[in-house]
Amino acid sequence: MKKIILTALLATVIIGCKKEAEKTNENISTTDSTNIQSTPESKTSKISLKEVDQKGLTEILSKNNDTLYVTNFFATWCGPCMMEMPHFKKKIEELKGQPVKFTFINIFNKPDWQTEVSAFAQTSGLTDKILLLDDSKLNQDFFENFQQWSGNNIPFTFFRKGDKTEESLGSMSEEMLNSKIDSFLK
């Protein structure tokens, strides 16, 4: 009987000490001067992206001069599209001042143009290179500009310099992008 009472008493003391330690830890975390206070996130300023129609995009794709035009069709919700974006950004920096023009066409997610696409444009630093395309306004004639692409899959990248063109359907590695661009710049 003494063992049972002693065990119960010991258990009560241990539980009591444990609860007291929890209360002390709560007080320390709420009153500690090094406790990090969360601050409200600053809203990104609204940016205005330009919309392009089928005719305007066809003109961009058909430019025929000594500049290399790299046109990438993407969407912010597309994982493979977002995976290749750092490669494009790096190449843009490398080729600064050279006759190469990068254009990114956001397609398929018009409801997100002013939220996700706008935020992506701002955080990526590609605001001046992104155009918006309402894919519901494209007719089948538009896709005659391409050998591989019928508008169903993204990412899709179209390269053009003079009369030479090349297409890449699907996500590109950094090496693949470098190789394609280098083949035009030689």
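Relative to the current alpha-carbon distance between LYS101 and TRP77, full extension at 0.36 nm per residue lengthens the span by 6.2 nm. Our summary gives the range 50-183 a relative contact order of 37 percent, counting only alpha carbon pairs under 8 angstrom and 6 or more residues apart. In whole angstrom, the range 50-183 maps to an equivalent ellipsoid with semi-axes of 20, 19, 14, each derived as √(5λ) from the alpha carbon gyration tensor and ordered largest first.
Can you tell me which of 177-185, 84-92, 68-76 comes out highest on packing, and rank the rest after it, using the mean Cβ neighbours within 10 Å?
Order by mean packing, descending: 68-76, 84-92, 177-185.
Every read-out reported here was derived from the displayed coordinates using simple, explicitly stated rules and does not represent laboratory data. Only a predicted model underlies this, so the values are computations on that prediction, with no experimental measurement involved. So basically every Cβ, Gly included, is an ideal-geometry build from the backbone, and we count neighbours across all protein chains shown.
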